[in-house]
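Taking it in order: structure first as structure tokens, then the write-up.
The values are calculated or read from the model by the stated rules, or taken from the named source; none is laboratory data. Keep in mind that what you see is a predicted model, and the values were worked out from it rather than measured. Here Cβ is always computed from backbone atoms with ideal geometry, including for glycine, and neighbour counts include all displayed protein chains. Just so you know, the surface numbers come from the protein's heavy atoms only, side chains and all, with ligands and any DNA or RNA stripped out. Shrake-Rupley method; radii C 1.70, N 1.55, O 1.52, S 1.80 Å.
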Amino acid sequence: MIKSREVRLKSRPIGPVALENFELATVNVPSPQDGEALIKNLWMSIDAGQRTLMGSGDADIADLPPKRFELNEPMECQAIGQVIESHDSNLPVGTFVSSNFGWREYFVFKGKQDGFTLTKLEVPVSPLQAHLHIMSVYGATAYYFITQCAKVQAGETVWISTAAGTTGSMACQIAQISGCKVIGTTGSDRKVEWLMEELGLDAAFNYHAPDLRDAIKAACPEGIDVYLDFVGGHQLETAIDLMNPQGRIIKVGETSSYDGGKTDGPGNLFQIVLKRLDLLGRSVFDILAQPARMENVYARLGKWHADGTIKVQETVYEGIENAAQAQIDLLGGKNIGKMLVKVGEPENIR
Ligand SMILES: NC(=O)c1ccc[n+]([C@@H]2O[C@H](COP(=O)([O-])OP(=O)(O)OC[C@H]3O[C@@H](n4cnc5c(N)ncnc54)[C@H](OP(=O)(O)O)[C@@H]3O)[C@@H](O)[C@H]2O)c1
């Protein structure tokens, strides 16, 4: 029997998520039985989409999969763990695994369990937590939206919102690799500086600035060919104004409404008709269900990770007791790149 701390959803947030919506509980995890394995979580992923599963937001998706988190139960998210005791011949002790059993320190994996997934990391990359950013659904999202949804071409001007976030920062780099002029928007001057200095974008802007539209227009007199929209609201409206005829707007998310916010706009949708714009909404789940396609995506991302072509900045909080604060701070824009919680150290198992 081992003690494990887990984070539960105590109440559905009304407005921005707060510490009072979470509860840190300690439970006894039983020893694994035949066909079971005990997993110690090492890293967990904090992401914006989790907020929609907590409920009570504008982007509440109660009627659509994935299912909302249950109250008073540990929440779920992607996590990287290590098998530390096993009675499952498929999961030898020491194996690193990826699962959606995050928000807890330890768990027993009982083979097939409804709604839970666990995958062996056959060839773990370094650092391990890269399996929660570039070598994960987020890297795949950036790749899929830039290359297969936007189908960007060399020489095009691409505007990426939430450019300093996990998915956005990788999308910026893939658009750069594709030979595009890339501009990004983000929520603070510190992140604007990071986008210019570390990612080398052609231009970057703080979207809180009152003159965003004019600033982008001045930086891109040729207009915008592709806008990757993670946020909706005012930025989407500004993009519609600045798009070139036949431009493509690719909708990835709607973060401005996730945390109890109300999106205002866009109020200029008729321009989509006048300019013959394409507005496309997709989900990465569309390709996750196609293993052969995913293999190619991860081969490409793995190469870019290994040779340093794509860099992912990490914002790391230590300990499961700080996971709720990490979620709050992600939605408050305090992360640069991937928000992670380091839950534990790997065991030195021979
Ligand atoms: N369609 C798909 O298949 C798919 C797959 C993965 C992710 N997504 C979507 O992609 C988006 C980014 O997700 P992520 O996990 O990579 O998160 P992330 O970008 O690492 O972090 C979230 C960021 O959102 C920004 N933000 C927070 N509140 C905001 C607001 N009110 N208005 C505008 N921006 C706000 C903050 O950056 P700033 O400081 O720059 O504002 C924050 O850092 C989410 O909308 C998510 O749902 C979609």
> Beyond 32 Å, what percent of the Cα pairs of the chain remain?
Replying inline: 32
> How much accessible area per residue does the chain have, in Å², with a 1.4 Å probe?
Replying inline: 45
>> Need the list of lysines near residue 112 for cross-linking: C-alpha distance under 29 angstrom, and skip anything on the same chain fewer than eight residues off.
In response: 3, 10, 40, 67, 120, 342
> What residues have an amide H closer than 5 Å to that of residue 162, excluding those fewer than 5 places away on the same chain, when H is modeled at 1.01 Å from N in the peptide plane?
Replying inline: 185
> For segment 122-268, which whole percent of the accessible surface, found with a 1.4 angstrom probe, sits on carbon and sulfur atoms?
Replying inline: 50
> So how far apart, in nm, are the two label points at residue 275 and residue 110 if each is 7 Å from Cα heading toward Cβ?
Replying inline: 5.4
> Which of the peptides 238-251, 150-163 is most tightly packed, and how do the rest follow, judged by the mean count of other Cβ atoms within 10 Å per residue?
Replying inline: 150-163, 238-251
> What ranking, highest mean first, results for peptides 317-330, 272-285, 165-178 when packing means the other Cβ atoms within 10 Å averaged over each residue?
Replying inline: 165-178, 317-330, 272-285
> In segment 1-160, what is the volume of the convex hull around the alpha carbon atoms, normalised per residue and reported in Å³?
Replying inline: 150
> Distances over 22 Å make up what percent of all Cα-Cα pairs in segment 137-285?
Replying inline: 31
> What ranking of 84, 46 comes out by heavy-atom accessible area, probe 1.4 Å, highest first?
Replying inline: 84, 46
> Which percent, to the nearest 5, of DSSP beta bridges fully inside the chain are antiparallel?
Replying inline: 55
> Where does each of 36, 193 land when they are ordered by accessible area, with a 1.4 Å probe and the largest first?
Replying inline: 193, 36
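Summing +1 for each Lys or Arg and -1 for each Asp or Glu, what net charge is found among the other residues whose Cβ lies under 10 Å from the Cβ of residue 96?
0
Given an 8 Å cut-off on Cα distances and at least 6 residues of separation, report the relative contact order of segment 137-285 as a percent.
That works out to 21 percent.
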>> Show me the ranking of peptides 304-310, 254-260 by mean Cβ neighbours inside 10 Å, starting with the highest.
In response: 254-260, 304-310
> Kirkwood hydrodynamic radius (Cα pairs, Å) of segment 199-350?
Replying inline: 18.7
> Taking the Cα-to-Cβ direction at residue 148 and at residue 295 and moving 7 Å from each Cα, how far apart do the two end points lie in nm?
Replying inline: 1.5
> Restricting to segment 42-197, what percent of DSSP beta bridges are antiparallel, rounded to 5?
Replying inline: 65
>> So, R0 is 45 Å and r is the distance between the beta-carbons of residue 24 and residue 90; what FRET efficiency does that work out to, to 0.05?
In response: 0.90
> Which of the lysines could be linked to residue 151 by a straight reach, that is with a Cα gap under 27 Å, when you skip same-chain ones fewer than 8 residues away?
Replying inline: 181, 191, 217, 251, 275, 303, 311, 338
> Using Cα pairs under 8 angstrom and six or more residues apart, how large is the relative contact order of the chain, in percent?
Replying inline: 19
